[in-house]
Structure formats: structure tokens, C-alpha cells
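Okay, structure first, notes after.
Just so it is clear, none of the values below were taken in a lab; they were calculated from the coordinates. These numbers come from a predicted model, not from an experiment. As a convention, Cβ positions derive from the backbone with ideal geometry for all residues, glycine included, and neighbour counts pool all protein chains shown.
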Amino acid sequence: MKPIFRKLTFTICALFSALMLNGPAQAERIKDLATLSGVRNNQLVGYGIVVGLDGTGDQTSQAPFTTQSLINMLGNLGVTIPSGTSLQLKNVAAVMVTMMMPPFSQPGQQFDVTVSSLANAKSLKGGTLLMTPMKGADGQIYAVAQGNLIVGGAGGQGAGASVTVNHLAAGRIPSGATVERAVPTQLGDADTLQYELREADFGTAQRVVEAISGALGDYSAAWALDGRRIQVRAPATPYERVAFLGRIENLEVRPLSGAARVIVNSRTGSVVMNQSVSLYECAIAHGNLTVAVTTDQAVSQPNALAGGQTVVTQGSQVDIKQDRASLMRFAPGVNLSEVVKALNAVGATPLDLVNILQAMKSAGALRAELEVI
């Protein structure tokens, strides 16, 4: 078993145990729990040309669209290239430019852009992006990008060897795009607006309604449409609505605990649990590993003169065996984190862990949502 995998899983289990000791969920602001309907980012994309590369551009024989794009651009600038001319370019690269335009962006604001090689350029380091229109999903131009690229790659040479660190086929331009057109954003209807929880939960939605109604002193000011959407009665005038939203989004709500969930990364072997997941009785045989979760009974009998009652309680214990040799045994009240830790101790691989958890889920012994990524 790899030490990195064992250390990572032990760390996750320790963090899980610490979270379980913290008790109930802490209060969170409404702005952290929900988003305002209609207020969203907008993705923009553009096709452009990067020039000024030090011989690391596209091989035009294998990327003819780079040459075609350059000829079209020069033609728009009044430069005519005779037909049939073969351009052997090494300092030009065709790229795709992407950016995220936040809500309420106005013309003149500047935002970062990401520039990625489209063909076979070896590196974009030292290049300059020429003016590139940035279009939205509707085909309209909302911004224009241009500027010098910053590439995070670093190179080094040793005795007869060269080393390149990081990815050189992509870079960023800080404040490289200027907004040319604003995206209209409508804040709800004439007299109402709508919040949408990031994760649907009927109990949390009701608590948000109670927090808003209590803060406004009007228990008809907010109501839940379902487990995700909360409708709120709001002022009609823009300046009053902005102040109203600033007050509402900072109200604190204590969300209810979400559904029990176990997330397993089959590539790295990491296991993340959002709350204590107890196991029901089950027995699983996987290769030379055997996992058994059983229920035992403990009798609590008071002294003769104590005047109490004899109580029989049930607990859980886990046996994990390998090649018929018992390796670890747990006290009553076992949870999934202890099972995962024990499986790592006996050398279970990430694939073994995924298969065992899936088998527990199929058998009904794992009462949680199991997600494998």
C-alpha cells in the first residue's frame, strides 16, 4: 500500500472525527446558502491569434487554419498577401480565449482571460494576444480581449538534460478583457424576488423563510415554493431593493444537516464523509479480505441495593480478517470511518475499498448516498 494513500485516508478520517465533535451545524449567512434567481455569471469565448513567440508557435503545415486566420487578419488591416504564398510561421499560434463575466458588469470594466493553444504550439510564453472579440452563447460580442500572456511554466537545464515544469500551452492575461456590452439582469418581478438554495432541503428552506419573516416583522413576507426556491416580497423601486437585499443576504440561518453521503475517489483512494455513517449487520468477502459487521448485546445490571433495572443494549463490532487471521476488532458503536481506517491498515487498495463500500450499499448495510468519482 502506498504511504501517500494511507496518510491521506488517515488524515481524512481524523478530520471527519474532529467535525463530528463540533456538534450541530453552525449558522451561515443566506448569501452563503442561496443564490438570487437571475444573478449569474456569463461565460464568454473567442478565437484569436498569439504572436511574438520565440519559435514555439504552430507548425503551419499541420495547422492550416493558423495561416488562414493570419492572412484574413492582415487583409482586414490593409495588407495583401499574394495567392499561393506559403507562409512558414514559427512565432504565431491559434488560441481559444475564455473568460467569466460577473453579473452586473458594465462597459469599461476589465477582467482576466485564459488563453489556451488550439493547435500544436510548444509554448505560449512571451506571446501577445491580438484583439479578440469575446462572444456569448447568443453569438453577440460582449467584450474584447488583448494583451501580453503570463505563462506559469518554468524551464531548467542540467547535465545533458532539460526539465519543463507546469503547462506551457496555456496562460492568463490579467485585466485582459474590456467589457463592451452589459448583460441585462432582472432582479425578480415587480414586487417579489426569488432565492434558490445551493442544495435542496425542505427544512433549511423553512428556516430561511422564518429568518427573513422574523427580520422583517412580517410572517407573510417570505414563503417556500419547494425545497429549493424561496419567494420574498421586496420593494419595487431599485434603490430600496438594493438596500433590502443587502439586509436579507446577511441574515444568519442554521441549516439542517444534509443527507448522509460518502464520496470515494477511485483514483486516489480518498474517502470523504459529511456526517457519521453507522453500519448495519453485514458480512462481505472480497479476495482474501473478509469484513463482518455484527450486533452484540451488552447487559447492564445494577447492584442489589441500587434500585435500578437491568438493561440490554445493542452495539456493533467489526471483524476484518485476512487469510483467516483476525487483524483488528472494534468496540461497539463502530462507524464507517473506523472500517475505512482498518481496511487501509491491512493493505486494501483503492479498488478494494470502492468494491467493499459498493457491496455494503447494495446490501443495505451502508445507510448513506455513495458517490464514486
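How big is the charge dipole of region 50-186 about its Cα centre, in debye rounded to the nearest 20, if each Lys and Arg gets +1 on its Cβ and each Asp and Glu gets -1 on its Cβ? Before the final figure, lay out each step's value.
Values: 6 positive and 5 negative charges, 25 e Å.
So the magnitude is around 120 debye.
Within region 169-275, the trypsin sites (Lys or Arg not before Pro) that combine a DSSP coil assignment with at most 12 other C-beta atoms in a 10 angstrom radius are R198, R267. Ignoring aspartates and glutamates fewer than eight residues from K125 along the same chain, the ones with Cα atoms less than 18 angstrom from its Cα are D54, D58, D112. Database remark: amide H of A119 closer than 5 angstrom to the amide H of A94 (H placed geometrically; neighbours at sequence offset of 5 or more, or on other chains; Pro and chain starts carry no H).
The HN-Hα couplings worked out from phi for region 221-235 by the Karplus form 6.51 cos²θ - 1.76 cosθ + 1.60 (θ = phi - 60°) are 7, 8, 8, 8, 7, 6, x, 10, 9, 10, 8, 10, 7, 10, x Hz, whole numbers, x standing for Gly and Pro. So if R0 is 35 Å, what FRET efficiency would N166 and Q186 give, r being the distance between their Cβ atoms, rounded to the nearest 0.05? Working from the Cβ atoms, E equals 0.25. The aspartates and glutamates within cross-link reach of K341, meaning a Cα-to-Cα straight distance under 16 Å and a gap of 8 or more places when in the same chain, are D319, D352.
Which order do the peptides 212-223, 58-69, 183-194, 80-91 come out in when sorted by mean C-beta neighbours inside 10 angstrom, highest first?
Numbers: 212-223: 15.2, 58-69: 16.8, 183-194: 13.6, 80-91: 9.8.
Final packing ranking: 58-69, 212-223, 183-194, 80-91.
Cross-link partners of K31 among aspartates and glutamates, defined as those whose alpha carbon lies under 14 angstrom from its own and excluding same-chain residues fewer than eight positions apart: E196, E199, E249, E252. Listed values for region 28-43 are Karplus-derived 3J(HN,Hα) couplings in whole Hz (6.51 cos²θ - 1.76 cosθ + 1.60, θ = phi - 60°), namely 10, 6, 4, 5, 8, 9, 9, 10, 8, 4, x, 9, 8, 6, 10, 7, and x replaces Gly and Pro.
At the listed q of 0.12, 0.15 Å⁻¹, the Debye profile of region 42-179, built from one uniform point per Cα, gives log10 I(q)/I(0) equal to -0.52, -0.76. Working note: Karplus 6.51/-1.76/1.60 with θ = phi - 60° gives region 135-151 the couplings 10, x, 5, 8, x, 8, 8, 10, 7, 10, 10, 5, x, 8, 7, 10, 10 Hz, where Gly and Pro are set to x.
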